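The values are calculated or read from the model by the stated rules, or taken from the named source; none is laboratory data. These figures come from a predicted structure and were not determined experimentally. Using ideal geometry, Cβ is built from the backbone for each residue, glycine included, and neighbour counts are taken over all protein chains shown.
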């Protein structure tokens, strides 16, 4: 490869340096943030023999060059082409700025909530357990606690633990948001703790306390500030933490050395605390009251249309945390004997989001995304939707919005049937215990319709246009190493690493390649199993042939061996993938399983290192296939010729059972160029 020529061709094809806002590279790809993607000459890149593929992801135009070559091509882009070089993280930030404000907000919220999901999921499921134990009429006239008093205290303990993540949500959000905004995480947590201090009136009791004339106020510079907490609130603490980050960064610029250490945290907390309780909090509370009163008016005066609008808006209100104010409206309705319309519509919205999350669970192939979506779906179906909304549906976007539409239909049905709740409870599958007896069948009917519509619509979308976003979410969920796994490989194992140590004995005896290897372009099966067509692989990058033509094998047993006589170009430290160059010039990429980079080398024993010559049949890695499968990973192993464009053709065998050493793929070399007269 003439790296300078490749750089020149790529630069011309993407519209020149003036069309490149920022550039970076990873192990195999150029990552370009383009000013105008319409200027890209896609045909030129598709026909370039040194470009293995292109795709758009994360706002960056990515061009696959290959391991060992991409860094050199990138150097020429910078030195010869005058392209602006940035880090991968900086390139991501530049690319993110091209998104519209709503998309950026959603991404920011997802970044903040994904790390705290385990606490929310655990709390949600424990709340569901407590609701099952304490709900009357679920298993009889009495609750489980009523029938078995011995478990009453344990149920109370479960309730206390389950509510902790939601009662002190501002502490978790403050910590995570401060990290996202680049502020001191402990200052963020401290401000979140201040917003739920026990010295403040609990937000859930604020209305009753105010009506009783017992709400206390601060007199701050002549302003009356209510001493009310922000339990389970999201928007106030997000805004407050963002302000904290702005103030702290400005203080760090002003103060240096000891003064910075002493004064920056002090001034940051003083200013942020004032803004939190005097400005941000009261404005949010006014907004909450306005939304509550507006929805009550809408439902009362607009009938079915009002129910539909409320159903559409309920989950977005959950995102803000303002739904915590609804009990203040529901309790008087229940006490007056009218019954609450909010609870049954909330149940429809929760079930719609739960069904959407369940669809992601059924369609996802990434182990981590599958685990999160499965647990979050269960939590949502039992009434706690924060894990599903923040961790899955909002992140993918389409499940959230499809869920909103189905919730609108469910809300309309609730209004049409005039379903009312006579008690508060878990707004989900077991919510029927809180519904007026005469309305239970209608409630369950509306819920079944809402659930079925949301699940079916999300499954259908996931099978068509949602495939790409599921693949992207898989990459986003698992760090930069996951992205590397999609397109193969990075550098060899560092000296002294476990991978290098395990493979080192294999270098003791040099290997002599047979003379016939220079003309042998056959690639044999590196592992025994069922050979399948490449387009059957559940990974768009491989299935599309972007990384080259070839086949895949669903392994049955044994180690992974070299399919050619040649040299190990790349041996990934986690032993999940290898690139080899045959003596004939054919370059082969073997990716052992899907997304197995996440295992960090567990269940893999490497037997070769970069630069080592190998004969066909030499062991590259030993794999505990049963353990990998038990960990939830797809064992399908693609075997592709990564320099397909330099070959005249690539021929594959018919799918079926193969043994190690059986012919799998054969490359046909291009005829030599004829000299011009």
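Restricting attention to segment 563-601, the residues that are in a strand (DSSP E or B) and in contact with a helix residue (DSSP H, G or I) (Cβ under 8 Å, 6 or more places away or on another chain) add up to 5. Screening segment 136-210 for helices (runs of 4 or more DSSP H) wholly inside it with 1 or more residues that are more than 22 Å from residue 390 (Cα to Cα) returns the ranges 144-147, 152-167, 185-194.
Taking the criterion of being part of a loop (DSSP other than H, G, I, E, B), within 16 Å of residue 529 (Cα to Cα) and at pLDDT below 90, the only residue of segment 619-664 that qualifies is 634. Set side by side, the residues 208, 259, 203, 212 differ, and just one is crowded, with 19+ Cβ neighbours inside 10 Å and at pLDDT below 95, which is 203. Can you find a residue that is out of contact with any strand residue (DSSP E or B) (no Cβ under 9 Å at 6 or more places or on another chain) and in contact (Cβ under 8 Å) with a residue 60 or more places away in the chain anywhere in segment 198-206? Looking through segment 198-206, at least one residue is out of contact with any strand residue (DSSP E or B) (no Cβ under 9 Å at 6 or more places or on another chain) and in contact (Cβ under 8 Å) with a residue 60 or more places away in the chain. Kindly provide the set of residues from segment 22-43 that are surrounded by fewer than 19 Cβ atoms within 10 Å (Cβ to Cβ) and in contact with a strand residue (DSSP E or B) (Cβ under 6 Å, 6 or more places away or on another chain), ordered by number. Scanning segment 22-43 gives a single hit, 35. Out of the residues in segment 44-83 meeting the condition of being over 32 Å from the mean Cα position of the chain (by Cα), closer than 27 Å to residue 550 by Cβ and without any contact (Cβ under 8 Å) to a residue 60 or more places away in the chain, tell me which one is surrounded by the fewest Cβ atoms within 10 Å (Cβ to Cβ). So the residue we want is 47. Given the conditions (1) surrounded by fewer than 23 Cβ atoms within 10 Å (Cβ to Cβ); (2) touching a helix residue (DSSP H, G or I) at 6+ places or on another chain (Cβ under 7 Å); (3) at negative phi, which single one is not true for residue 545? Answer for residue 545: the failing condition is (3).
Scan segment 356-391 for residues that are farther than 29 Å from residue 135 by Cα and in a helix (DSSP H, G or I) and report the count.
So in segment 356-391, the residues farther than 29 Å from residue 135 by Cα come out as 360, 362-370.
Okay, now just the ones that are also in a helix (DSSP H, G or I), so 360, 362-363, 367-370.
Of the residues in that region, 7 qualify.
The residues of segment 367-393 that are modelled with pLDDT under 85, under 14 Å from the mean Cα position of the chain (by Cα) and within 15 Å of residue 112 (Cα to Cα), listed by number, are 387, 390, 391. For segment 602-612, the count of residues that are assigned to a helix (DSSP H, G or I), out of contact with any helix residue (DSSP H, G or I) (no Cβ under 8 Å at 6 or more places or on another chain) and loosely packed, with under 14 Cβ neighbours inside 10 Å is zero. Among the conditions (1) at pLDDT below 85; (2) surrounded by fewer than 15 Cβ atoms within 10 Å (Cβ to Cβ); (3) touching a strand residue (DSSP E or B) at 6+ places or on another chain (Cβ under 8 Å), residue 294 misses just one, which is (3).
One residue stands out among those in segment 367-380 that are surrounded by fewer than 24 Cβ atoms within 10 Å (Cβ to Cβ) and touching a residue at least 24 places away in the same chain (Cβ under 8 Å): the one that is nearest to residue 431 (Cα to Cα), which is 378. Within segment 591-605, one or more residues are closer than 21 Å to residue 522 by Cα, under 38 Å from the mean Cα position of the chain (by Cα) and modelled with pLDDT of 90 or more.
Assess whether residue 430 counts as being under 33 Å from the mean Cα position of the chain (by Cα) and under 21 Å from residue 306 (Cβ atoms). The answer is no for residue 430. Within the option set 440, 414, being surrounded by fewer than 24 Cβ atoms within 10 Å (Cβ to Cβ) and more than 20 Å from the chain's Cα centre (by Cα) holds for one residue only, 440.
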